[in-house]
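Student: Below are the structure tokens for one structure; questions will follow.
The values are calculated or read from the model by the stated rules, or taken from the named source; none is laboratory data. Please read these numbers as outputs of a predicted model, since none were measured by experiment. Positions of Cβ are generated from backbone atoms using ideal geometry, with glycine treated the same way; all protein chains shown enter the neighbour counts. When the accessible area is computed, the model is the full protein with side chains, heavy atoms only, and any ligands, DNA or RNA have been set aside. Shrake-Rupley method; radii C 1.70, N 1.55, O 1.52, S 1.80 Å.
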Amino acid sequence: MNEEHIKAFLEYANGYAKLKSTCRKTAVGCLIIKESAFGYRIISKGANSGMVDCRKVGCLRVQLFGDNSKAHRDTCRCRHSEINALRKAKESV
């Protein structure tokens, strides 16, 4: 994969995260890419999100501790984008 491909996929993941992330702190996207004889193809996409939309109901860490520091990461309601991408990939198999 050349630098141009990497840049395009990173931009795509960033755009996907901005659309699908439900985290108030940061939007993170993940792509699972497969290489074939015809080039590269996106197998699955993921964004950090949880069971509730923290943009609407608020950050649980802020509600409990007054800040959203990583020191309280075990109370975060969001799953990592990589976990969501892997779950979607599994569902499509």
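Student: Restricting the search to segment 20-39, which residues are outside any loop (DSSP other than H, G, I, E, B) and more than 13 Å from N84 (Cβ to Cβ)?
Tutor: If the condition is that a residue be outside any loop (DSSP other than H, G, I, E, B) and more than 13 Å from N84 (Cβ to Cβ), then I33, K34, E35, S36, G39 are the ones that fit.
Student: Related question: Can you name the residue in segment 18-54 that is β-branched (V, I, T) and under 15 Å from K88 (Cα atoms) and is also nearest to the chain's Cα centre (by Cα) among such residues?
Tutor: I32
Student: Follow-up question, since we're still on this one. Might you check whether a residue that is part of a strand (DSSP E or B) and among the charged types (D, E, K, R) occurs anywhere in segment 64-76?
Tutor: No, segment 64-76 has no match at all.
Student: Within segment 26-76, work out how many residues are open to solvent by 80 Å² or more (accessible area, probe 1.4 Å) and touching a Leu at 6+ places or on another chain (Cβ under 9 Å).
Tutor: Counting residues in segment 26-76 that are open to solvent by 80 Å² or more (accessible area, probe 1.4 Å) and touching a Leu at 6+ places or on another chain (Cβ under 9 Å) gives 0.
Student: Also: What are the pairs, 6+ residues apart or on separate chains, where a residue within segment 28-44 that is at pLDDT 90 or above and among the aliphatic types (A, V, I, L, M) has its Cβ under 6 Å from a residue that is outside any strand (DSSP E or B) and open to solvent by less than 30 Å² (accessible area, probe 1.4 Å)?
Tutor: As it stands, the answer is V28/A17; V28/N48; V28/S81; L31/A13; I32/A85; I32/A89; I43/A89, since those pairs meet every condition given.
Student: Now, a different point. Quick one: how many residues across segment 77-93 are over 13 Å from C23 (Cα atoms) and assigned to a helix (DSSP H, G or I)?
Tutor: The number of residues fulfilling the criteria is 10.
Student: Still on this structure, please answer the following. With the structure loaded, tell me whether H5 is out of contact with any Pro (no Cβ under 7 Å at 6 or more places or on another chain), open to solvent by 60 Å² or more (accessible area, probe 1.4 Å) and in a helix (DSSP H, G or I) or whether it fails that test.
Tutor: yes
Student: Say we look at segment 77-93 and pick out the residues that are free of Cβ contacts under 8 Å to residues at least 40 places away in the same chain and surrounded by 12 or more Cβ atoms within 10 Å (Cβ to Cβ); which of these is farthest from A13 (Cα to Cα)?
Tutor: Only one residue fits best here, namely R77.
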